[in-house]
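Asks: Can you read through this structure? Questions will come right after.
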Amino acid sequence: MTQESLDIVYDIAQEKPLEERHILAVLVDNEFGVLNRVVGLFSSRGYNIESLTVAEVDVKKHLSRITIVTRGSARKVAHIIALLERMVPVHKVHDLTTESPFVERELALVKVVGKGEERVEALRIADIFRAKPVDTTIESFVFEITGTSEKVNSFIDLMRPLGLTEVCRTGVASVARGKKGI
């Protein structure tokens, strides 16, 4: 008997663990090479980063916050967190998606080129999504949109048939709700 037929006979599950989206907030020393080490940890193990944002959050203590969006099973993400926590310049790691309710936002600039009905439709959709035109010419718009990644993706998808020519995204910024910080 083959392994496959044995699995069927004994009803052994062949399903992959559920891969979910996770937002990790990582507080690190703001020093040369830290971002490279964090990204290297992901790439050396074949983990993908969907979104990455970095900014200094405490000038006096020289601390930066790295927000990473990745996909993986609970076990895979727990492994990533354990590896990050062992890195010397890392102070704290939080999985915002599992620890508490959180607020997530992303900003995108979306350029749409078109005339006539496409322009009217682009403005109508932008109004529905509360996207602001930040640059307007006779043949194009640049819209600024903020919201969850899903909202930004939906807006971009609706702009494609109307003349979408360029997209620039900031990546996800996210913070836990309530009075407790990282």
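Asks: Here are the criteria: (1) of a type outside the set (Gly, Ala, Ser); (2) more than 24 Å from Val26 (Cβ to Cβ); (3) modelled with pLDDT of 95 or more; (4) not in a strand (DSSP E or B). Tell me which single one Ile145 does not satisfy.
Replies: Only one criterion is unmet by Ile145, namely (4).
Asks: Shifting gears a bit: Looking at the structure I just gave you, is Ile80 under 17 Å from the mean Cα position of the chain (by Cα), of a type outside the set (Phe, Trp, Tyr) and in the same structural domain as Asp29 (by TED's automatic domain parsing)? Quick ask: steps written out before the conclusion?
Replies: Values: under 17 Å from the mean Cα position of the chain (by Cα): yes; of a type outside the set (Phe, Trp, Tyr): yes; in the same structural domain as Asp29 (by TED's automatic domain parsing): yes.
Considered against the rule, which asks whether it is under 17 Å from the mean Cα position of the chain (by Cα), of a type outside the set (Phe, Trp, Tyr) and in the same structural domain as Asp29 (by TED's automatic domain parsing), Ile80 comes out as yes.
Asks: Free of Cβ contacts under 8 Å to residues at least 24 places away in the same chain, touching a strand residue (DSSP E or B) at 6+ places or on another chain (Cβ under 8 Å) and among the β-branched types (Val, Ile, Thr): does that describe Ile49?
Replies: Answer is yes for this residue.
Asks: Check Val38 against each of (1) farther than 16 Å from Val172 by Cβ; (2) crowded, with 17+ Cβ neighbours inside 10 Å; (3) out of contact with any Ser or Thr (no Cβ under 8 Å at 6 or more places or on another chain) and name the one condition it does not meet.
Replies: Of the numbered conditions (1) farther than 16 Å from Val172 by Cβ; (2) crowded, with 17+ Cβ neighbours inside 10 Å; (3) out of contact with any Ser or Thr (no Cβ under 8 Å at 6 or more places or on another chain), the odd one out for Val38 is (1).
Asks: List, please: which pairs have Cβ atoms under 6 Å, are six or more places apart or on different chains, and start with a residue in region 59-85 that is more than 22 Å from Ala173 (Cβ to Cβ) and end with one that is exposed (fewer than 14 other Cβ atoms within 10 Å of the Cβ)?
Replies: Ser73/Pro17; Ser73/Glu19
Asks: What number of residues within region 116-134 satisfy the criterion of being touching a Phe, Trp or Tyr at 6+ places or on another chain (Cβ under 9 Å) and either touching a residue at least 12 places away in the same chain (Cβ under 8 Å) or over 28 Å from Ser51 (Cα atoms) (or both)?
Replies: The number of residues fulfilling the criteria is 9.
Asks: Quickly run through region 147-166 and pick out the residues that are over 15 Å from the mean Cα position of the chain (by Cα) and either on the phi < 0 side of the Ramachandran plot or touching a residue at least 60 places away in the same chain (Cβ under 8 Å) (or both).
Replies: Filtering region 147-166 for residues over 15 Å from the mean Cα position of the chain (by Cα) gives 155-166.
Phe155, Ile156, Asp157, Leu158, Met159, Arg160, Pro161, Leu162, Leu164, Thr165, Glu166, listed by residue number.
Asks: Of these, Arg75, Arg124, Arg130, which one is closer than 30 Å to Leu18 by Cβ and out of contact with any Leu (no Cβ under 8 Å at 6 or more places or on another chain)?
Replies: Going through Arg75, Arg124, Arg130 in turn, just one is closer than 30 Å to Leu18 by Cβ and out of contact with any Leu (no Cβ under 8 Å at 6 or more places or on another chain): Arg75.
Asks: Please verify whether region 21-29 includes one or more residues that are part of a helix (DSSP H, G or I) and not small (Gly, Ala, Ser).
Replies: Checked region 21-29: no residue is part of a helix (DSSP H, G or I) and not small (Gly, Ala, Ser).
Asks: Is it the case that region 73-81 has a residue that's modelled with pLDDT under 95 and among the polar types (S, T, N, Q)?
Replies: Scanning region 73-81 turns up at least one residue that is modelled with pLDDT under 95 and among the polar types (S, T, N, Q).
Asks: Looking for whichever is part of a helix (DSSP H, G or I), in contact with a strand residue (DSSP E or B) (Cβ under 9 Å, 6 or more places away or on another chain) and not assigned by TED's automatic domain parsing to the domain that holds Glu50 here; the options are Val152, Val134, Val167. Which one fits?
Replies: Val152
Asks: Exactly one of these conditions fails for Val88: (1) out of contact with any Asp or Glu (no Cβ under 6 Å at 6 or more places or on another chain); (2) surrounded by 16 or more Cβ atoms within 10 Å (Cβ to Cβ); (3) in the same structural domain as Phe42 (by TED's automatic domain parsing). Give me its number.
Replies: (2)
Asks: Follow-up question, since we're still on this one. Going by what's in this entry, would Thr137 be described as more than 23 Å from the chain's Cα centre (by Cα) and of a type in the set (S, T, N, Q)?
Replies: Working: more than 23 Å from the chain's Cα centre (by Cα): yes; of a type in the set (S, T, N, Q): yes.
The answer is yes for Thr137.
The values are calculated or read from the model by the stated rules, or taken from the named source; none is laboratory data. Just so we're clear, the structure is a prediction, and the values are computed from it rather than from any experiment. A quick note on method: Cβ atoms are made from the backbone with ideal geometry, for glycine too, and the neighbour counts reach across all protein chains shown.
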